[in-house]
Amino acid sequence: MDNDVEVTSTGKIEIKRLLAASRETVWRFLVEDDLRGRWLCNGDVEPKEGGLIQFRFDTNKLGATLPTAAPGEAFKAQFDGTVTTFSPPELLAFTWPETERGESTTVTIKLIELGEQTLLHLVHEKLFDKENLVGASAGWHAHLEQLECHLSRKLSPNFWKRHQELDAAYRKKLSETN
């Protein structure tokens, strides 16, 4: 797989993407509801440490070939997290309430300006079981492909089909390493 997510330690994944846009543009795609909804999910981001970040997922809205899933297959969910770092246009960190242990995971996204491009470095931590590692790896990989396509003005792949391919690939990859 190109642009693999790297499982760097127990419960932690890292992914880097070189994006064809300025750091300010990428920042807007992280925090503005309408732009974030094009590649990840809708929801408001309260622009301060301790602020609310909303996640309103509907994968049927993603990808150039719609709908992205058969009826009943799309991922639809709503939940909230807390902004832990808000430093435009460089660093955004937030909690992601996902584990069965009742603990929030944490996501940190750093944007590094490289001329007319931006290196996005995402770290997702506290993913302590295989299902969360697989889901987060496939999910971030597929969502960041959507972002890359939007920023480079290319057609994005069918989201749900791509997510299912990546889920199988990461499940196999993580089984081989454990």
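Readers should treat all values here as calculations from the given coordinates under stated rules, not as data from a laboratory. These figures come from a predicted structure and were not determined experimentally. As a convention, Cβ positions derive from the backbone with ideal geometry for all residues, glycine included, and neighbour counts pool all protein chains shown.
What's the exposure ranking of 149, 41, going from fewest to most Cβ atoms within 10 Å?
The most exposed by this proxy come first: 149, 41.
Using DSSP to call loops (not H, G, I, E or B), can you name the trypsin sites (Lys or Arg not before Pro) in region 117-178 whose Cβ has at most 16 other Cβ atoms within 10 angstrom?
153, 154
Tell me, in nm to one decimal, what length is gained between residue 165 and residue 54 on full extension, where the rule is 0.36 nm per residue of separation less the Cα-Cα distance?
37.3 nm
Under 19 Å between alpha carbons, and skipping anything fewer than 8 positions from residue 172 in its own chain: which lysines qualify?
Of all the lysines, those that pass the test against residue 172 - Cα under 19 Å, at least 8 places apart if same chain - are 12, 130, 161.
As an exercise, find the ratio Rg/Rh for region 110-164 from alpha-carbon atoms, using the Kirkwood inverse-distance average for Rh.
Reported Rg/Rh (Cα atoms, Kirkwood Rh): 1.04.
So, with +1 on the Cβ of K and R and -1 on the Cβ of D and E, and no other charges, what is the size of the charge dipole of region 86-169 about its Cα centre, to the nearest 20 debye?
So the magnitude is around 200 debye.
Add -39500 (n - 2.57) for each DSSP H run of 4 or more in the chain, then divide by its residues: what number comes out at 222 nm, to the nearest 500 deg cm²/dmol?
Helices in the chain give a 222 nm mean residue ellipticity of -9500 deg cm²/dmol.
Are there any helices in the chain, counted as whole DSSP H runs, that stretch 15 Å or more along their axis by Cα and score at least -1.0 on average by Kyte-Doolittle, and if so which?
130-151
With charges only on Cβ, +1 for K and R and -1 for D and E, what is the dipole size of the chain about its Cα centre, in debye, rounded to 20?
In debye, rounded to 20, the chain gives about 340.
With a 10 Å cut-off between alpha carbons and a GNM built on the chain, which of 139, 81, 115 moves the most?
115
Would you report the distance distribution of C-alpha pairs in the chain as whole percents per 10 angstrom bin, up to the bin with the largest distance?
10, 38, 41, 11, 0
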